[in-house]
Amino acid sequence: MEVLLHEGRLLSAAGHDVEQFTVSAAEDAGVSALNAGAKAIWNRDATGELDGWINRFRPDVVHVHTPFPLMSPAVFRMAHRRGVPTVTTLHSYRYSCVTGTCSRGGRPCEDCVGSTLKLAGVKNRCYHDSLAGSAALTASLVLHRSLGTFHRHVDRYLALTEFSRRLLIRDGFPAERIVVKPNSVVDPGILPGPKVGQRRVVFAGRLLEVKGVRTLLDAWRQVPGDMKLVIAGDGPLRPLVEERARQDGTIEYVGWLDEDDVLMEMAHAEAVLVPSEWYEALPLVILRSLSVGTPVVVTDLENLCHDVEADEAGWSFTMGDPAALARRLTELSADPGLARSRRTKARCSYEARYTTSVDLQRLEAIYHDVSVQRRVLDIS
């Protein structure tokens, strides 16, 4: 939802007419896993509402940020029937995995990637540990593949990283319809950097196992020196974080912060830590850190580390390995100039890849391409 609103504001500010058609998330709507899965197969209410919306607004493009689970991929078919090109952003891996994370048991999982029936997701009850819900969502993926929804009725898939693009291709999606289009964040301007005598690294995000929080806490026990670990966020692992903070005076838990406060914490840090243990699709925390010129320490999962390492905007370590993360943090602790030497490159990475102006140009080019392509097909 955050990216949907952000891109809507970008387009509106550039003079485009934008309207947003949304349905509530399954959790917010109080829908059970089974009912959510059933709606993911074919939501007649959503397609009917979209039909009326197209009649009234007459859009040039329909951009679907996520049809799963409640909207259903049937919305692509409706837009296509009305002659409107469709674009969808791959915020997760829902087209290949019923959970959307390509993760199981705290580790990356590709059992369903490249599989036509994707029965592993049902067998392992991957969707909210529900057999019926997993079966229904799997049925949605299988049905819409067999009907050609994903191959003929979606004009462009917007992958956030090259890794995400290649994964979708390995799962059988048409390569010519998948383009890499990262997200963006608003330029915060010049913020004060690390304060003299206050050395710190920052983690900001949901306190979940797949975010690598436990790995981070275990690694921190092995880091000597005078740096402080600041943790901002909330989630199921909050009690563990609070306990470690009580035991270790070099850990400061600051709770959930608003965006401005998070940016200030990042600006004051020597590095921002992103120890995710799933194929997280370019988390905004990386973009925000780079925007304030703070380098990042990420896991060696390709979708996280590729551009960071290419731009020399940070460092990587072996995913899920506390000792490897501890070694990286020890290097930073031992050499105060190391993080300082990457700050300019971090900011340059942001300016080259993740500014709103770059994002707008990419969006406009994609919309133009699919609109022209649809007009050519209509004429022919």
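Nothing in this text is a laboratory measurement; each read-out follows from the coordinates by a stated rule. These numbers were taken from a predicted model, which means no experiment stands behind them. Reconstructed Cβ throughout: ideal geometry from the backbone, glycine too, with neighbour counts over all protein chains shown.
Projected label points at residue 240 and residue 81, each 7 Å from Cα along the beta carbon direction, are separated by 4.8 nanometres.
Backbone phi angles across region 250-256, fed through the Karplus curve with coefficients 6.51, -1.76 and 1.60 (θ = phi - 60°), yield HN-Hα couplings of 8, 9, 10, 9, 10, x, 7 Hz in residue order; Gly and Pro are listed as x. Ordered by the count of other Cβ atoms within 10 Å of each Cβ, fewest first, 155, 261 give 261, 155. The amide H of residue 64, built 1.01 Å from its N in the peptide plane, has 87, 88, 89 as neighbours under 5 Å, considering only residues 5 or more places off or on other chains. Whole-Hz Karplus values for region 267-283 come out as 4, 7, 8, 7, 7, 10, 9, 10, x, 4, 10, 9, 6, 4, 7, 6, x Hz, taken residue by residue from phi with 6.51 cos²θ - 1.76 cosθ + 1.60 and θ = phi - 60°; glycine and proline positions read x.
Summarising the label geometry, the points placed 7 Å from Cα in the beta-carbon direction at residue 147 and residue 228 lie 5.6 nm from one another. Helix 131-147 and the long axis of the chain differ in direction by around 60°, with both axes built from C-alpha atoms. Stokes-Einstein diffusion of region 200-353 at 25 °C, 0.890 mPa s viscosity, Kirkwood radius from Cα pairs, rounded to a whole number: 163 µm²/s. Based solely on its DSSP helices, what 222 nm [θ] is calculated for the chain when runs of n ≥ 4 H residues each add -39,500 (n - 2.57) and the sum is averaged over all residues, nearest 500 deg cm²/dmol? After summing the helix terms and dividing by the residues of the chain, the value is -14000 deg cm²/dmol.
In terms of surrounding Cβ atoms within a 10 Å radius of their Cβ, 163, 203 rank from fewest to most as 163, 203.
With 0.36 nm allotted per residue and the present C-alpha distance subtracted, the residue 252-residue 116 stretch has 44.2 nm of extension available.
Sequentially through region 207-218, phi angles give Karplus couplings (6.51, -1.76, 1.60; θ = phi - 60°) of 8, 10, 4, 5, 7, x, 5, 5, 4, 4, 5, 5 Hz, Gly and Pro residues having no value and appearing as x. Roughly how far apart, in whole Å, are the Cα centres of region 271-344 and region 121-153? Taking the Cα centre of region 121-153 as reference, the centre of region 271-344 is 35 Å away.
Relative to the longest principal axis of the Cα atoms of the chain, the long axis of helix 322-334 makes an angle of roughly 50 degrees.
With respect to the chain, whose longest principal axis is taken over its alpha-carbon atoms, helix 2-13 is tilted by about 70°.
Here the relative contact order of the chain, from alpha carbon pairs under 8 Å that lie six or more residues apart, stands at 15 percent.
Largest mean-square fluctuation among 272, 18, 142, in a Gaussian network model of the chain whose springs join Cα atoms under 10 Å apart, belongs to 18.
If we sort 175-186, 333-344 on the protection proxy, mean other Cβ atoms within 10 Å, highest first, what's the order?
175-186, 333-344
Could you tell me the relative contact order of region 302-366? Use alpha-carbon pairs under 8 Å, at least six residues apart, and round to a whole percent.
The value is 32 percent.
Summarising the amide proton neighbourhood of residue 106: residues at separation of 5 or more, or on other chains, whose placed amide H is nearer than 5 Å comprise an empty set. Stretched out straight at 0.36 nm per residue, the stretch from residue 13 to residue 358 would grow longer than its current Cα-Cα span by 122.8 nm. Note on 112, 305: ascending count of other Cβ atoms within 10 Å places them as 305, 112, the fewest first. Annotation: amide H-H contacts under 5 Å for residue 316 (H modelled 1.01 Å from N, sequence separation of 5 or more, or interchain): 298.
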